[in-house]
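The values are calculated or read from the model by the stated rules, or taken from the named source; none is laboratory data. These figures come from a predicted structure and were not determined experimentally. Note that we place each Cβ from the backbone using ideal geometry, even for glycine, and neighbour counts take in every protein chain shown.
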Amino acid sequence: MSIFIKNRGNLKLAVIVEKTVENKGLAFVMHGLGGFKEQPHVKTFADAFLESGLNVVRFDTTNSFGESEGNYEEATTTNYYEDLEDVINWAKSQEFYTEPFFLVGHSLGGISTAMYAENYPKEVKGVAPISTVVSGKLSLETYEAEKLEEWEKTGYLISESVSKPGMKKKLKWSHIKDRLKHDLLIKADNLTMPVLMIVGEKDTRTPPKHQKILYEALPGEKEFHIIKDAPHTFRKETQLNEIKNILIKWIKKFNH
């Protein structure tokens, strides 16, 4: 059951809090661009923490396709990151809140969770930026030049939603301008907590070669897994199970 809170722009954010009897800590789980908190891979991340005895907070960012307010056309990395900050700040006033906590996010949720860990390293026990955007500059390399030109010229990128078939997604060019302001590599030295990186072998949006650049820059305890035959968004049950097992082992290692 969703709880509705307000973000800094006074828009409604839909949040789900799942509690465990063991209460061994807390994790925040975040979807990617145009995602929502009930997607199978997002739920898989959450389940790994729940089964490990931690409380979990999942939420829909604004400007996405979940229950939160906003319009997908306006989605930016900045707005995703700020919504994460706002959810964590809200959680700080709740009885279930504990620190340090875990963060896990997919794609644009990955860069948001990693940026939070860079900015507030003392609050974070471990971070799992999965299939993460590493920087705006690197993510531009994954688009064909003609597609970028057309996007800039028309002002919009139009695509079909896979998670919600039949729905068209329109994204403004301002999304790219904003994304270019973000780069995890600049403050990667701050990621001193354990970091778990997972990516699909066939991911063309945040490819393994980009993940490796970030992985090499990490100063602390780190793990890197490539899921065989998997694309950017994990949907097959075998792949989801593999990710869940990796997460559970990782949590156990750092959450006694």
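For this structure, a couple of remarks:
- Candidate set: segment 28-65, residues that are within 15 Å of the chain's Cα centre (by Cα) and of a type in the set (D, E, K, R); chosen: the one farthest from Pro100 (Cα to Cα): Glu38
- Residues that are in contact with a Ser or Thr (Cβ under 7 Å, 6 or more places away or on another chain) and β-branched (Val, Ile, Thr), drawn from segment 98-122: Val104, Ile111
- Residues of segment 151-189 classified as of a type outside the set (Gly, Ala, Ser) and in contact (Cβ under 8 Å) with a residue 40 or more places away in the chain, total: 19
- Screening segment 219-254 for residues that are out of contact with any strand residue (DSSP E or B) (no Cβ under 7 Å at 6 or more places or on another chain) and part of a loop (DSSP other than H, G, I, E, B) and picking the one that is farthest from Ala27 (Cα to Cα) gives Asp229.
- Selected residue (criterion: surrounded by the fewest Cβ atoms within 10 Å (Cβ to Cβ)) from residues of segment 44-70 that are without any contact (Cβ under 8 Å) to a residue 60 or more places away in the chain and not in a loop (DSSP other than H, G, I, E, B): Leu50
- Checking segment 203-218 against the condition returns no match, with no residue being within 17 Å of Leu247 (Cα to Cα) and in a loop (DSSP other than H, G, I, E, B).
- Qualifying positions in segment 196-211 - among the basic types (Lys, Arg) and either within 19 Å of Val124 (Cα to Cα) or surrounded by 16 or more Cβ atoms within 10 Å (Cβ to Cβ) (or both): Arg205
- The C-beta contact set for segment 99-123 (first residue under 20 Å from Lys253 (Cβ atoms) and at pLDDT 95 or above, second residue of a type in the set (Lys, Arg) and assigned to a strand (DSSP E or B), distance under 9 angstrom, 6+ apart or interchain) comprises Glu99/Lys125; Pro100/Lys125; Phe101/Lys125; Phe102/Lys125; Leu103/Lys125.
- Test: residue in segment 77-91 that is over 16 Å from Arg179 (Cβ atoms), among the hydroxyl-bearing types (Ser, Thr, Tyr) and modelled with pLDDT of 95 or more: no
- Within segment 103-195, helices (runs of 4 or more DSSP H) holding 1 or more residues that are surrounded by fewer than 19 Cβ atoms within 10 Å (Cβ to Cβ), of a type in the set (Ser, Thr, Tyr) and on the phi < 0 side of the Ramachandran plot: 145-154, 174-179
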